[in-house]
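Enquirer: Let me begin by handing over the structure; questions about it come next.
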Amino acid sequence: MLRNELYTVLSISQLPGAIDATLQLDPAHAIFEGHFPGQPVLPGVCLIQMIREILELATGGKWALQKAAQVKFVRMIDPRINRELVVHISYEEKEERMHVTAAISAGEPACRFQGIFVGGK
């Protein structure tokens, strides 16, 4: 949905229960025209969607967010300054649910997430 438009995946690696990815934002994407004109900021909902899309890319499943137990946006991401993001996802699949802890950084921590996705393969 956002991949290859708002961002591209520069690298992705996976170990059992963990995913690391490096993403590059497109600062010219139309979303930044409205969020916010003259001072673009990556919307928090896009960060959550990126976590979902990276989880799907790495696991080959289709996941839907069931519960966001904890979401903290600790730093704004200006795509003109922070074009590269690093995403780390730890996950455990239990009873057709994916329990996820994720962190996104842009040089410094920007977002922390804990939640549950449902769906799968």
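Enquirer: Does any residue in segment 76-99 that is closer than 18 Å to Glu33 by Cβ come within less than 6 Å, Cβ to Cβ, of a residue that is surrounded by fewer than 16 Cβ atoms within 10 Å (Cβ to Cβ) six or more places away or on a different chain, and which pairs are these?
Expert: Hits for this filter: Met76/Val41; Pro79/Pro27; Arg80/Pro27; Arg83/Gln24.
Enquirer: Considering segment 4-47 alone, what residues qualify as being within 12 Å of the chain's Cα centre (by Cα), within 24 Å of Lys67 (Cα to Cα) and exposed (fewer than 13 other Cβ atoms within 10 Å of the Cβ)?
Expert: Passing the criteria: only Val45.
Enquirer: Now for a separate question. Would you point out which residue out of Met1, Met50 is farther than 15 Å from Gln114 by Cβ and either surrounded by 18 or more Cβ atoms within 10 Å (Cβ to Cβ) or of a type in the set (D, E, K, R) (or both)?
Expert: Details: Met1 fails: either surrounded by 18 or more Cβ atoms within 10 Å (Cβ to Cβ) or of a type in the set (D, E, K, R) (or both).
So the residue among Met1, Met50 that is farther than 15 Å from Gln114 by Cβ and either surrounded by 18 or more Cβ atoms within 10 Å (Cβ to Cβ) or of a type in the set (D, E, K, R) (or both) is Met50.
Enquirer: For Ile12, state whether it is of a type in the set (A, V, I, L, M, F, W, C), at pLDDT 95 or above and touching a His at 6+ places or on another chain (Cβ under 8 Å). If you could, list the steps in order and put the result at the bottom.
Expert: On the way: of a type in the set (A, V, I, L, M, F, W, C): yes; at pLDDT 95 or above: yes; touching a His at 6+ places or on another chain (Cβ under 8 Å): no.
Here the answer is no, as Ile12 does not meet what is asked.
Enquirer: Kindly list, by first and then second residue, each pair from a residue in segment 32-51 that is under 17 Å from Val74 (Cα atoms) to a residue that is assigned to a helix (DSSP H, G or I), limited to pairs with Cβ atoms under 6 Å and residues at least 6 apart or on different chains.
Expert: As it stands, the answer is Pro40/Phe32, since those pairs meet every condition given.
Enquirer: Select the strands (runs of 3 or more DSSP E) contained entirely in segment 1-96, then report the ones holding at least 3 residues which are touching an Asp or Glu at 6+ places or on another chain (Cβ under 8 Å) and farther than 20 Å from Gly120 by Cα.
Expert: Values: elements: 7-15, 18-25, 62-73, 84-94.
Answer list for segment 1-96: 7-15, 18-25.
Yes or no, residue by residue, for (1) basic (Lys, Arg); (2) surrounded by 15 or more Cβ atoms within 10 Å (Cβ to Cβ); (3) under 13 Å from the mean Cα position of the chain (by Cα):
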| residue | (1), (2), (3) |
| --- | --- |
| Ala64 | no, no, no |
| Phe73 | no, yes, yes |
| Asp78 | no, yes, no |
| Ile81 | no, no, no |
| Val87 | no, yes, yes |
| Glu96 | no, no, no |
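Enquirer: Suppose the filter is in contact with a Cys (Cβ under 8 Å, 6 or more places away or on another chain), free of Cβ contacts under 8 Å to residues at least 60 places away in the same chain and at negative phi; does Ile116 pass it?
Expert: Judged against the criteria, Ile116 is not a match.
Enquirer: Considering segment 48-58 alone, what residues qualify as being acidic (Asp, Glu) and within 10 Å of the chain's Cα centre (by Cα)?
Expert: Of segment 48-58, the ones acidic (Asp, Glu) are 53, 56.
Glu53 - this is the single residue of segment 48-58 that is acidic (Asp, Glu) and within 10 Å of the chain's Cα centre (by Cα).
The values are calculated or read from the model by the stated rules, or taken from the named source; none is laboratory data. Everything quoted here is computed from the prediction, not taken from an experiment. FYI the Cβ positions are ideal-geometry reconstructions off the backbone, even for glycines, and counts take in every protein chain you see.
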